[in-house]
1. Do we find that Asp51 is at pLDDT 95 or above and either surrounded by 10 or more Cβ atoms within 10 Å (Cβ to Cβ) or of a type outside the set (Val, Ile, Thr) (or both) in this structure?
2. Please list, ordered by first then second residue, the pairs with beta carbon atoms under 8 Å, 6 or more apart or interchain, first in the stretch 76-100 and surrounded by 10 or more Cβ atoms within 10 Å (Cβ to Cβ), second modelled with pLDDT of 70 or more and not in a loop (DSSP other than H, G, I, E, B).
3. Among Ile79, Ile41, Ile75, Ile56, which is the only one that is at pLDDT 75 or above and either within 30 Å of Leu26 (Cα to Cα) or among the aromatic types (Phe, Trp, Tyr) (or both)?
4. In the stretch 1-34, which residue that is outside any helix (DSSP H, G or I) and loosely packed, with under 10 Cβ neighbours inside 10 Å is modelled with the lowest pLDDT?
Amino acid sequence: MFNKLKKNYFLLISTFLILYFIFNLLDGERGLFSYFKKKEILISLQNEEVDLLNKIDNLSFKNSLLSEKLDLDFIETLIRKKFLFGKEDETLYMIDKNDN
């Protein structure tokens, strides 16, 4: 038995080394599965970054309309939306989106 093990010593060690490297290639923090998970997280974070940058641009544009030169049309739309004000003899209709 010991002689057979001694003859196949190189084969046995190489098999264990190959299995070890394959296991570490696929699993672990730097493995293949972890790479794909991190790649998905990166894509979702990049999409979220683009959305947030668009919101920042939109808010900075609205802020510039209110701070540097007053845009009366924009202020009028804000007042109409927030306080439901209208002009004289003007009828305002509110349409609520109903999911039913």
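1. It is true that Asp51 is at pLDDT 95 or above and either surrounded by 10 or more Cβ atoms within 10 Å (Cβ to Cβ) or of a type outside the set (Val, Ile, Thr) (or both).
2. Hits for this filter: Phe85/Ile79; Gly86/Arg80.
3. Values: Ile79 fails: either within 30 Å of Leu26 (Cα to Cα) or among the aromatic types (Phe, Trp, Tyr) (or both); Ile75 fails: either within 30 Å of Leu26 (Cα to Cα) or among the aromatic types (Phe, Trp, Tyr) (or both); Ile56 fails: either within 30 Å of Leu26 (Cα to Cα) or among the aromatic types (Phe, Trp, Tyr) (or both).
Within the list Ile79, Ile41, Ile75, Ile56, the selection yields Ile41.
4. Let us first name the residues in the stretch 1-34 that are outside any helix (DSSP H, G or I), namely 1, 8, 27-31.
Cutting the leftovers down to loosely packed, with under 10 Cβ neighbours inside 10 Å gives us 1, 29.
Details: Met1: 66, Glu29: 81.
Here the residue is Met1.
The values are calculated or read from the model by the stated rules, or taken from the named source; none is laboratory data. Owing to the predicted nature of the structure, the values given are computational and were not obtained by experimental measurement. Reconstructed Cβ throughout: ideal geometry from the backbone, glycine too, with neighbour counts over all protein chains shown.
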